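The values are calculated or read from the model by the stated rules, or taken from the named source; none is laboratory data. Owing to the predicted nature of the structure, the values given are computational and were not obtained by experimental measurement. We place every Cβ from the backbone using ideal geometry, glycine too, and count neighbours over all the protein chains shown. These accessible areas exclude ligands, DNA and RNA; they are computed on the full protein's heavy atoms, side chains included. Shrake-Rupley method; radii C 1.70, N 1.55, O 1.52, S 1.80 Å.
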Amino acid sequence: MKKPELLMPAGNIEKLKYAIKYGADAVYLGVVDFSLRAMRKGELITLDNLKLAIDTARDMGAKAYLTLNIFAFNNDIKLLESSMGKIVESNPDALIISDPGIMRMAQKFMPNTPIHVSTQANILNYEAVKFWKDMGATRCILARELPIKDVAEIKQTVPDMELECFIHGAQCVSFSGRCLLSDYMTNGERKANSGNCSQPCRWSYKLLEETRPGQYQEIIQDDKGTHILSTKDLCLVKHLKEMIDAGIDSFKVEGRTKSLYYVSATAKAYREAIDEITKNPEADMEPYFQELLKVGNRGYTTGFYLGDGEYPSDGYSYDISKGLAGADFLCEIHSKKGDSYKVITKNKFNKNEDIEIITPSEKFITQATEIKNEDGEELELANTNNELWIKFGKAPENYEYALVRTVGIKGCVSENKLCACGD
C-alpha cells in the first residue's frame, strides 16, 4: 500500500520544527499579507526569515510549501510583485495558490517551482483538475465538500495529477472557506479571505423580530444551544485506508493558528496511524482516534467524505464553539541539568500526580517527584507560566521536543458529544 505524505501546518518556526520532529513529511507555511492566516504568536514567519524557515524544514528532512492563496486585489498584486525577490530566494518546494493572477506571476518569476492549487479554488471534479493541470499545476488540493468516491474517480481520470485532501481540523461553514460574514460583522476590518477571519460562525446568536425591538429570542436547535453555524472538526483517522485506496497523495491537517501541543500530538497520532495502516490494512485505528480526542476539538465528524454530497446532520457543534481537549497541555521541556529538567509551564499540576510525557518516539505516564523554582525552593505545585526545575519518576530517553500533558480524557469531546468519563 502506497504511503501518502503527511502535511502539517507551520504557524511559526517553532511549530515547524515540532511538526517535523513529530512526523510530518512536509509543512505548509505562509507570510503575512499573502496567506489565509494572520499569525500572532511565536517566531513568526516573515519575508525576512522565510528562507531560514524553509531551509530549516529541508535540513530536518521535510519539504516546505509556501501559501500565497489570498484572493488578490490590485494592491496585493503590486505588493507581491515587489516581494518576489525574497520569495524566489527562499526557494520553497511548492507554492499554494488560488488566484490565477498570482499563479501567472509565480510562473513568470519561479517557472521551475511546482504549483499546488489551493482548496480555495473549489476543485470538485476531474475537468477542473484537468484545467489546472493544463495551466501548469502539479497538485490540486480538493474541496472538503467531496465524498471519497468522487476523489477516487478524479484520481482514476487524471492519474498523473497529485491530489491533496484535508483529513483533520477545523472546518468552515461556508463553501470551501469563501465567507463574507467576518467582513460584514467587522465593517471590513477582519476579512476572512485575506487571512484574518474573526470566526463569527462560532459566535452565539439571538433572534430579533423587527417589529418588536429589544425582544430577543434565543435560536434553539432542540435543546442543544445557539451555535447554529459552528461545524464540528474533521477527523478521518478511522478512514485512512479508504482515502489511501482512493489514491490521495497527501493528507493535510488544518491548524496554522493552533497550539504547539496541537500540532505535535496530531502529527504523532497521524504519523503512527499512517505507518501502521500501510503495513497492515486491517489495523484498528481506534487507539489513534482516542489520541486525537486529547487535542482541542469541537467534536469530530467525517464531514462530506463518507456521504453522497450531503453534510451529516450531526456534523454541527450546537453546544460549544471553542475547542475542548481531553488532555491539558502542562509544559514544554527545554533543557537538562543533572537529573532535573527545566520546563515552561502552560497549566498547573501537582507534585507526584500522574502526568503523561510524549516525545516523537515515546509516550508514558510518570510523576513530577520534585519541583523547584529558579531560586531552588521546593514547591508542591507547578503553577501556570513559570520556569521551573523538575525531576520525573521516569524521564524521556531524549528530552528534546518532549511535551507533558495530563493523563486520560477529562471533559473531552467525543465523536458526537461532550464527554466527562473518557468514553
What residue, among those in segment 134-144 that are in contact (Cβ under 8 Å) with a residue 24 or more places away in the chain and either crowded, with 17+ Cβ neighbours inside 10 Å or of a type in the set (Asp, Glu) (or both), is farthest from Val88 (Cα to Cα)?
Arg144
May I ask you to list the residues in segment 8-34 that are aliphatic (A, V, I, L, M) and either crowded, with 24+ Cβ neighbours inside 10 Å or in contact with a Cys (Cβ under 6 Å, 6 or more places away or on another chain) (or both)?
Met8, Ala10, Leu16, Ala19, Ile20, Ala24, Val27, Leu29
What tally of residues in segment 61-89 results from selecting those that are touching a strand residue (DSSP E or B) at 6+ places or on another chain (Cβ under 7 Å) and either part of a loop (DSSP other than H, G, I, E, B) or hydroxyl-bearing (Ser, Thr, Tyr) (or both)?
4
Scanning segment 258-287 residue by residue, those small (Gly, Ala, Ser), in contact (Cβ under 8 Å) with a residue 60 or more places away in the chain and in a helix (DSSP H, G or I) turn out to be Ser264, Ala265, Ala267
Note on Ala94: of the conditions (1) closer than 19 Å to Glu254 by Cα; (2) aliphatic (A, V, I, L, M); (3) free of Cβ contacts under 8 Å to residues at least 40 places away in the same chain, unmet is (3)
Which of the numbered conditions does Leu16 fail, given that it passes all the others? Conditions: (1) out of contact with any Pro (no Cβ under 8 Å at 6 or more places or on another chain); (2) modelled with pLDDT under 95.
(2)
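Out of the residues in segment 41-60 that are open to solvent by 70 Å² or more (accessible area, probe 1.4 Å) and part of a loop (DSSP other than H, G, I, E, B), state the one that is nearest to Leu16 (Cα to Cα). Walk me through it before giving the result.
First pass over segment 41-60, keeping only residues open to solvent by 70 Å² or more (accessible area, probe 1.4 Å): 41, 43, 48, 51-52, 58-59.
Retained after the next criterion (residues that are part of a loop (DSSP other than H, G, I, E, B)): 41, 43, 48.
Values: Lys41: 13, Glu43: 10, Asp48: 16 Å.
Applying the filter and picking the extreme gives Glu43.
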Just checking, does segment 345-356 include any residue being assigned to a strand (DSSP E or B) and open to solvent by 60 Å² or more (accessible area, probe 1.4 Å)?
yes
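Which of the residues that make up segment 55-77 are of a type in the set (D, E, K, R) and at pLDDT 95 or above?
Residues of segment 55-77 of a type in the set (D, E, K, R): 55, 58-59, 63, 76.
Asp55, Arg58, Asp59, Lys63, listed by residue number.
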Where the second residue is open to solvent by 20 Å² or more (accessible area, probe 1.4 Å) and of a type outside the set (A, V, I, L, M, F, W, C) and the first is at positive phi and lies in segment 41-65, which pairs have Cβ atoms under 7 Å and are six or more apart or on separate chains?
Gly42/Glu14; Gly42/Lys15
Out of everything in segment 145-173 that is open to solvent by less than 10 Å² (accessible area, probe 1.4 Å) and closer than 16 Å to Trp132 by Cβ, what residue ends up being modelled with the lowest pLDDT?
Leu146
What about Ala38, is it of a type outside the set (Ser, Thr, Tyr) and either surrounded by 19 or more Cβ atoms within 10 Å (Cβ to Cβ) or modelled with pLDDT of 95 or more (or both)?
no
Output the number of the condition that Gly85 fails; it satisfies all remaining conditions of (1) at pLDDT 95 or above; (2) small (Gly, Ala, Ser); (3) open to solvent by less than 10 Å² (accessible area, probe 1.4 Å); (4) more than 23 Å from Glu272 (Cα to Cα).
(3)
Within segment 361-382, residues of a type in the set (A, V, I, L, M) and over 34 Å from the mean Cα position of the chain (by Cα) come out as Leu379
Evaluate the following for Ile409: is it at pLDDT 95 or above, surrounded by 13 or more Cβ atoms within 10 Å (Cβ to Cβ) and within 25 Å of Gln290 (Cβ to Cβ)?
no
Could you say which residue among Ser340, Ser317, Ser361, Ser335 is of a type in the set (Gly, Ala, Ser) and modelled with pLDDT under 85?
Ser317
Selection count, segment 274-302, where residues are open to solvent by 20 Å² or more (accessible area, probe 1.4 Å), polar (S, T, N, Q) and in contact with an Asp or Glu (Cβ under 7 Å, 6 or more places away or on another chain)
0
